[in-house]
Amino acid sequence: MINASGKDPNMQSIVKGVVQTTIIKPPSGWSALNLRDLWNYRELIYFMTWRDLKVRYKQTLLGASWAIIKPVLTMIVFTIFFGNLAGVPSDGVPYPIFSYTGLLPWELFATALAVASRSLVQNRHMITKIYFPRMILPISSVLAGLADFCIAFLVLIAMMVYYQFKPTGDIWTLPLFLILALITALGVGLWLSAMNVLYRDINYITPFLVQFWMFITPIAYSSSLVPEEWQVLYSLNPMVAVVEGFRWALLGTSQGAPSITLVVSTAVALLLLITGLLYFRRTERLFADMV
Amino acid sequence: MGDIAIRVDNIGKQYRIGAPINQYSTLRESISEYLSLPWQKNRSLRGTREILWALRNVSFEVTQGQVLGIIGRNGAGKSTLLKILSRVTEPSEGLAEINGRVGSLLEVGTGFHPELTGRENIYLNGAILGMHRSEIDRKLDEIIDFSEVEQFIDTPIKRYSSGMYLRLAFAVAAHLEPEILVVDEVLAVGDAEFQRKCIGKMSDVALEGRTVLFVSHNMSAILRLTQETLVIEKGLLVLRALTPTAIDYYLSRGLSQEGKYYWKEEEIANAEHPFRPIGIRILNNKNEICDTVRSIEPFRLEIEYTLDEPVTGLRIGIYLMTTRGEYVFTSFDTDDLELFETYSIRTAGHYISRCDIPANLLNEGSYCVGVNASSYRVRRYFQDDQALTFSVDAAGATGMQWPEPRLGLIRPRLNWEIEEI
């Protein structure tokens, strides 16, 4: 690192090349996305994600095992009530692993949504005191969910060994479905977090939204239950493609194979992300005054 | 690019008063307002929101390497200006151009998390302030050393004392190396020893040729660190001058040189019903209004006000402080038990509260009188921290056979005995 001496302006401009110039002016309508700023602050995304992870299970008795307990217990309840008692068909795979494969991306999505929607309001002391791209807050809350996902994934591996499932040849697509889940979560997270600054109603809406969304996502049941003519409408929910994609890539069920469902879901996910980004940028300038 | 580090051109920022509470409190209201307004012929609903310009028509330039002070009363718009320059909030009009990386310290310890250790918080806070990881790695030892909390660096900071917390927070901030530093009052924290260290560090920063914008109420810090200072008043930039001139101007500003001050209508608007302040005067021992009193003569302070309704437990207070912000004393008109009983309820009417300041009390210098009207633990009706300034002249005072300035705020005439044994 060169220690630039500020006393010699010539020296400084040689060492640093061009001094970065910032223009501050009133916002006008739809501002540009300013992704360059986000890139400059990429280390902050890392640190904020790391902070969320570090803090999440501080002063809890069971610590990170919560990442396993929640989906596993849900799986057990689903298996008893939907799998055994209601006899919900599970595309020919054992019901426990069927529902757990769905719960895995779902938990990632649901947690990301809940944490992201609160991220701006909870960090209001930062927002009112210092500049950084505000988008970092919802982004890092979504990314922090990945750690829980990885831990919960270990249980899935154990279950696959137990039920003697060999990963299919399509397993390489799994990260793509994971990215689809993250895009959806970020898109909705941006909407909710920004709206939460202006309307605290979002605090009440989010839990309901997550619950509602879970019912329209094929976690406890298979999307094959949905009649053919409703499939396209059903796939407007991007999480349909994510969950079925996970089952297809890991267990070889036929539902999630690339099809019109996947195209529709991906398109909706991208739409959510783009509109989320635009809405976030548009309201961002109000954050410091309103939060 | 040239020499200019910061160029501010006609910057203004408006707020809608009461907006955060009334405007978007719930989604339902917002939606119903949005839906109903287009159908209403009378859109006065929007018009009734009062607009307040926190800052208006502010223009100035700062050359590279300059340390510029900013002073002004509470609510004058200093913090708004710093927030705009550090991009926390966006201006409503105007333009600012900043050449170089800005580090802003509107607060120390931003983003500190109580569950994380001191070391972890250094990284986190550093990243929030815009430092790179490699930069923090390199300065880590120096920061820990400066903070004086080595033994506790791996303890969660929720176990820190407030002093330790502030030291750690300032240590990170002090090692920020932006080309332009924007600082708001962070020196007003910590114990005297640590404050000295902080001011020392700030001087170093200034000497290194970095551009600094420095907001403070601490006049001696402003005097020490800056050559030039901006005075901001009610959102307007009223003066840019060499620091001693600016401080003089600021301290005597609006505060008459004639030893009296009558509050203007808009200032009275701050007062709470039923208290209405009228004015404050200084009278010398010949009962003349004056702005300079002699140390060896008593003088009188008068505060005039009306009460529209009877008030229980009202007390009118004065705060006397030096123009450097050190308090000399505080006194209330009902300090005396007898008066306290008599005026336990003050009926509606027109009043003057008088206070006699005895001779041989104050040392020479400039003083500032603050006024406060309140009912203890019930309500504050009015406050003006700098209602009036006046000077004390030491001519004829005790010890004037040596024409040297004396240390201390007071200059009492004390009885000495010299005994030869």
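Scan the stretch A:122-129 and tell me whether some residue there is within 14 Å of chain B (Cβ to nearest Cβ), touching a residue at least 40 places away in the same chain (Cβ under 8 Å), among the charged types (D, E, K, R) and surrounded by fewer than 23 Cβ atoms within 10 Å (Cβ to Cβ). Yes. Across the stretch B:176-197, the qualifying residues are those that are at pLDDT 75 or above and crowded, with 21+ Cβ neighbours inside 10 Å, and the one among them that is farthest from residue B:222 (Cα to Cα) is B:179. Out of A:264, A:226, A:242, I need the residue that is surrounded by 14 or more Cβ atoms within 10 Å (Cβ to Cβ), touching a residue at least 60 places away in the same chain (Cβ under 8 Å) and of a type in the set (A, V, I, L, M). Which one? Answer to the selection: A:242. For the stretch B:124-153, a residue qualifies if it is surrounded by fewer than 22 Cβ atoms within 10 Å (Cβ to Cβ), within 10 Å of chain A (Cβ to nearest Cβ) and out of contact with any Gly (no Cβ under 9 Å at 6 or more places or on another chain), and the qualifying residues are B:134, B:138. Reported count of residues in the stretch B:62-82, each being within 7 Å of another protein chain (Cβ to nearest Cβ) and buried (at least 22 other Cβ atoms within 10 Å of the Cβ), is 1.
Would you confirm, using the coordinates I've provided, whether residue A:19 is at the interface with chain B (Cβ under 7 Å from one of its Cβ atoms) and modelled with pLDDT under 75? Answer is yes for this residue. Here residue B:333 fits the description: acidic (Asp, Glu) and either within 29 Å of residue B:219 (Cβ to Cβ) or not assigned by TED's automatic domain parsing to the domain that holds residue B:271 (or both).
Is it the case that some residue within the stretch A:135-152 is more than 14 Å from the chain's Cα centre (by Cα), within 14 Å of chain B (Cβ to nearest Cβ) and of a type outside the set (Asp, Glu)? So far as the stretch A:135-152 goes, no, none of its residues is more than 14 Å from the chain's Cα centre (by Cα), within 14 Å of chain B (Cβ to nearest Cβ) and of a type outside the set (Asp, Glu).
Among residues of the stretch B:273-288 being surrounded by fewer than 22 Cβ atoms within 10 Å (Cβ to Cβ) and within 21 Å of residue B:331 (Cα to Cα), the one that is modelled with the lowest pLDDT is B:285. Taken together, A:181, A:267, A:249 contain a single residue that is aliphatic (A, V, I, L, M), in contact with an Asp or Glu (Cβ under 8 Å, 6 or more places away or on another chain) and modelled with pLDDT of 85 or more, which is A:249. Taking the condition surrounded by fewer than 17 Cβ atoms within 10 Å (Cβ to Cβ) and among the β-branched types (Val, Ile, Thr), does residue B:418 pass? It is true that residue B:418 is surrounded by fewer than 17 Cβ atoms within 10 Å (Cβ to Cβ) and among the β-branched types (Val, Ile, Thr). Contact annotation: no residue pair with Cβ atoms under 7 Å, 6 or more positions apart or on different chains, pairs a residue in the stretch A:172-186 that is free of Cβ contacts under 8 Å to residues at least 60 places away in the same chain with a partner that is surrounded by 19 or more Cβ atoms within 10 Å (Cβ to Cβ). Answer with yes or no whether residue B:389 is touching a helix residue (DSSP H, G or I) at 6+ places or on another chain (Cβ under 7 Å), within 27 Å of residue B:249 (Cβ to Cβ) and part of a strand (DSSP E or B). Considered against the rule, which asks whether it is touching a helix residue (DSSP H, G or I) at 6+ places or on another chain (Cβ under 7 Å), within 27 Å of residue B:249 (Cβ to Cβ) and part of a strand (DSSP E or B), residue B:389 comes out as yes. Residues in the stretch A:193-227 that are within 12 Å of chain B (Cβ to nearest Cβ) and either under 13 Å from residue A:121 (Cα atoms) or not in a helix (DSSP H, G or I) (or both): A:195, A:196, A:197, A:198, A:199, A:200, A:201, A:202, A:203. Scanning the stretch A:54-101 for residues that are within 14 Å of chain B (Cβ to nearest Cβ) and of a type in the set (Ser, Thr, Tyr) yields A:57, A:60.
The values are calculated or read from the model by the stated rules, or taken from the named source; none is laboratory data. Since the model is a prediction, treat every value here as computed from it, not as a measurement. Neighbour counts run over all protein chains shown; Cβ positions are idealised from the backbone, glycine included.
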